[in-house]
Every structure is written in structure tokens, then in C-alpha cells.
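Report on one structure; see the data block that follows.
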Amino acid sequence: DSLPFLNESSVVVYAGGFTGETILAHWIKYGFYAHVFEPVRDYFVMLSERFDNAGAMGKVFIHHYGLSDRNESAFIDLASDGSSVVPRSDRNSELEAKKQVEKIDLKSFDDFFYGPLKRLHGGKIDLLYINCEGCEYPLLKSLLRKEWMRNVRRVLVQFHKAPHLENSVEDRCT
């Protein structure tokens, strides 16, 4: 849990915020600037309240969308142990009515880079933490293909089993 390379001028991007407990602990310890992306409404509200109550607003920016390789709407499965983006299907509207899936917005990393990241921080990231329940594969491929990684000092990725991606195990190793 030690991140000694972070300090109060560092910029950390969390692709996936969930409840923010770990993010808040890191922010209290290091005082960095953070951009937290959370597309699930309930978690977004929880994150906003948590960081507002901690007095972090102005240093921590909560975005109500997920990062991806393109702009699109998707569905996220809320019923499983780990939420995950699910492929579009006719069942999504039925599951959405039962509150088992939620329609979410995903935006391309390009939009974030040319918007708030470049405007507020000159386009540099000290730590990119990716824990976005299956979106890590297209996001990482896009970051590498477009050479965004040269703007990132360190990357931590939590890989997830992604049944809708045929080669998810191979993708983790390439």
C-alpha cells in the first residue's frame, strides 16, 4: 500500500472508483490531485459525498462516466460479485427493469486527456490505476496504440475475467 513516489503535486487517475475507501486513504496520506472515474450512479454519489466530506474537492475530481477507448453507452451488470460491463442484448432492458444492470456512459481517454487533464495538469499522470471491470482491455490497447502511455509514469492494472472478450487471458499477457 506504499506509494512513495506520490506527493501533493502528483496526479493520479483512477479508472474505476467503486466506494473510494482505498482512494481516500491514499489521498489522506499523500494529498495528490486525483481524477476518479465511476460510471455507476450509486457509487458516483457515494464517492462525491465521501470526498466532499473529507474536504478534498478542488484536489479530487469525481467523473460520472467510465474511461474507454471510445464514447458510447453500455450496460454494467450489478448482480454479480464484481460488476462488469456486459455486451448489448435484448435482455438488458429486462435486467435494467429489475435493477440488475444499469446503463452507463463511457468516454474515450482522448476526451479526458484533451479536456481536464491537459487543462489542469499539463497532460501528465504520475499513476494510472485501472480497475474497471473488463474495460481495462480496450482502454489499455487504445492507450498503447495512441502512445498516451508516454504521459504516464506508472500504471497499476487489476485484470478481470471478461467472458465477453474471447481472448482475455491472452490479452493480459500481450
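Values for this structure:
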| quantity | calculated |
| --- | --- |
| Residues that are outside any helix (DSSP H, G or I) and among the acidic types (Asp, Glu), drawn from the range 112-143 | Asp126, Glu133 |
| Hits in the range 107-161 (condition: among the basic types (Lys, Arg) and more than 13 Å from the chain's Cα centre (by Cα)) | Lys118, Arg119, Lys124, Lys141, Arg145, Lys146, Arg150, Arg153, Arg154, Lys161 |
| Within the range 126-165, considering residues that are among the acidic types (Asp, Glu) and modelled with pLDDT of 80 or more, the one farthest from Lys107 (Cα to Cα) | Asp126 |
| Residues located in the range 32-85, provided they are under 25 Å from Lys124 (Cα atoms), among the aliphatic types (A, V, I, L, M) and modelled with pLDDT of 95 or more | Ala34, Val36, Leu47, Val60, Ile62 |
| Yes/no for Phe75 being assigned to a strand (DSSP E or B), aromatic (Phe, Trp, Tyr) and farther than 26 Å from Met149 by Cα | yes |
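The values are calculated or read from the model by the stated rules, or taken from the named source; none is laboratory data. Just so it is clear, the structure is predicted and the values come from calculations on it, not from any experiment.
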